[in-house]
Amino acid sequence: MTDAVADRLEAVPEGAHVVDPKRDRLVIVASSLGTVFEWYDFFIYGTLAPVIAGLFFPTTNPTAAFLLTLATFGAGFGVRPVGAILFGYLGDRWGRKYTFLITITLMGVATAAVGLLPTYASIGIAAPILLVICRLLQGLALGGEYGGAAIYVAEHAPRNRRGFYTSFVQASVAGGFLLSVIVVIASNATFGDAAQADWAWRIPFLVSLVLLAISLWVRLKLKESPVFQAMKEAGRISGNPLRESFRTWNQVKMILVALFGVSAGLTVIWYTAQFHALYFLQNALRIDEDSARLMVGFSALLSVVWFVLFGWLSDRIGRKTPLVTGYVLTLLLIFPLFHWMAAAANPEQAVARDRNPVTVQGNHCEYAPFASRQANPCGAALDALTRRGIHYTIIPAPGWGGEAYQVRVGPDPVDIEDSAALDRALAEAGYRLERTAPPFWSGVQVVLAILLLGLLSGMTYGPVAALLVELFPARVRYTSLSIPYHFGTGYFGGFLPFISQYIVAKTGDPFAGLWYTVAVVAVGLVITIIWLPETSGKRLD
């Protein structure tokens, strides 16, 4: 590099550090608002998953329909790395601004298309196929959005406020989830459950066109990042950002650390605090859907503060400290917080589970969540319990022959083939099968439990945009940041709802799905402690 080019690039961060309140507000608002809208588009599917399950995946097995819906939700995340590679390349070659204008347009159009799709009842198997295609386009767009927004804000931010500035991009992810919950609840309240199941479910998807128009209007006011503009003027744009990102072992190592140590761990915490908590309330605790959405949505609103707080704090104590602390606290607190949530939201269920546990005894008791018909009578019994959201324990039966099995509710055997008798036995044992809304104080406790989960998410997620931007060089920053982030969030986080709910369905234990989060966070903690460098205050040359 010539001295002139070096001097030009060295001067970039100092120029970006000039305080310009009007410019900085526009940069933060435009990037964060666009990210809110884009994540709204993505999360609206997860928020409406129970409704979509019946419309696009009709089956005699509702558990299978729900799991297929969550698998399609995960498919959108699965294609995000492809979007990261494609738009990361464009972002490093064309610039930050124009790339994330493309991504948000693609996301808005794909989301609106979901709202126009015919259902399974109209066109059969083509309906879920078209739904998956729309989800793949959403995931492709999202693979380029986050990196562009995070880098654009960070490359404008003063060095000592980079964590604070980028924390608004982090908080906007929670804002997108919150907005999706608000729109769904408002739609339900306006049109009612019958209309929601018939046609009103389309409205939240079509709202994305309005959000897209607002976001484009704001983002078109932006100028290119000063760091990228300086590289362009100095002729230092990377010829092949993808190849250059993997050119040396140190660059490869940082990408792996960002993937397994940072992105995977923080993402499963966030999805556990939002989607797993939502499905836990709706399915395991039998809370009515709107009450569950309201409690999780209100918690998400309050949790926005944590993202900004820990982004700001990371400018003072470093990026690594809150990340490691959040991982450790997650491993210690995740099970107690969900048990507290269960005891508060549906105390009768918790008491019944302790006093009159449901046990299934037999030698061939295996449950296949995707099967329309179970392989044996014991599997059918497990299916009946799963449909009711009942926690059960399987007990081996040595010496029992054939397909003999027995279901007990407390000490009493129950004829599982008599549906009415099973419901009576469960009701007499204290299990509440009907959906309910918890009383006010119980709801407050649920919100507090989810808010503490949000605290753990804020500790690990708030500082990370600045950390990832600082971890990689400017020439290949968009590509090098986006690939590990979207592989980590796409596969470890995007499939969390499906994996955790599959574990719950397979084991009959509503808390068993949390072990997936524990395993991913434990691996992330080890990698972060050993290999992640501190990056706070690093120049973005």
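Quick check on segment 288-300. Is at least one of its residues outside the structural domain of R162 (by TED's automatic domain parsing), over 21 Å from G265 (Cβ atoms), outside any helix (DSSP H, G or I) and touching a Lys or Arg at 6+ places or on another chain (Cβ under 8 Å)? No, segment 288-300 has no match at all. Of the residues making up segment 286-296, those that are of a type outside the set (K, R) and either in contact with a Pro (Cβ under 7 Å, 6 or more places away or on another chain) or surrounded by fewer than 24 Cβ atoms within 10 Å (Cβ to Cβ) (or both) are I287, D288, E289, D290, S291, L294. Counting residues in segment 320-328 that are free of Cβ contacts under 8 Å to residues at least 24 places away in the same chain and either hydroxyl-bearing (S, T, Y) or farther than 30 Å from R424 by Cα (or both) gives one or more.
Condition test on L453, is it closer than 28 Å to G76 by Cβ and assigned by TED's automatic domain parsing to the domain that holds A230? Here the answer is yes, as L453 does meet what is asked.
Is it the case, given these coordinates, that A522 is at pLDDT below 90 and farther than 26 Å from D92 by Cα? Step through it out loud before you land on a result.
Values: at pLDDT below 90: no; farther than 26 Å from D92 by Cα: yes.
In short, no.
Taking segment 107-140 as the range and being at pLDDT 85 or above and within 15 Å of S482 (Cβ to Cβ) as the test, only L140 passes.
How many residues does segment 155-179 contain that are of a type in the set (F, W, Y), closer than 20 Å to W39 by Cβ and modelled with pLDDT of 85 or more?
Going residue by residue through segment 155-179, those that are of a type in the set (F, W, Y) are 164-165, 168, 177.
After this cut, where a residue has to be closer than 20 Å to W39 by Cβ as well, the list is 165, 168, 177.
Subset that is modelled with pLDDT of 85 or more: 165, 168.
Within segment 155-179, residues that are of a type in the set (F, W, Y), closer than 20 Å to W39 by Cβ and modelled with pLDDT of 85 or more number 2.
Here are some residues: S482, S536. Which one is within 30 Å of P226 (Cα to Cα), surrounded by fewer than 24 Cβ atoms within 10 Å (Cβ to Cβ) and among the polar types (S, T, N, Q)?
On the way: S482 fails: surrounded by fewer than 24 Cβ atoms within 10 Å (Cβ to Cβ).
After ruling out the rest, the residue left standing is S536.
Scanning segment 502-516 for residues that are surrounded by fewer than 24 Cβ atoms within 10 Å (Cβ to Cβ) and not small (G, A, S) returns Y502, I503, K506, T507, D509, P510, F511, L514, W515, Y516. The condition of being under 19 Å from the mean Cα position of the chain (by Cα) and not hydrophobic (A, V, I, L, M, F, W, C) holds for only one of G124, G115, G95, G83, that being G83.
Elements of the type helices (runs of 4 or more DSSP H) sitting completely within segment 157-262 and holding at least 3 residues that are more than 27 Å from I527 (Cβ to Cβ): these cover 162-195, 202-219, 226-233.
Applying a threshold of 8 Å to beta carbon distances and a minimum spacing of six or more residues, or different chains, the list of pairs starting in segment 237-250 at a residue that is assigned by TED's automatic domain parsing to the domain that holds F472 and loosely packed, with under 11 Cβ neighbours inside 10 Å and ending at one that is β-branched (V, I, T) and not in a loop (DSSP other than H, G, I, E, B) is empty.
Find the helices (runs of 4 or more DSSP H) located wholly in segment 402-491 whose residues include 1 or more that are touching a residue at least 40 places away in the same chain (Cβ under 8 Å) and among the acidic types (D, E), and list them.
Working: elements: 419-428, 440-461, 464-471, 477-487.
So the answer is 464-471.
The values are calculated or read from the model by the stated rules, or taken from the named source; none is laboratory data. Nothing here was measured: the structure is a model prediction, and the numbers come from that model. Every residue, glycine as well, gets a Cβ built from its backbone with ideal geometry; the counts of neighbours run over all protein chains shown.
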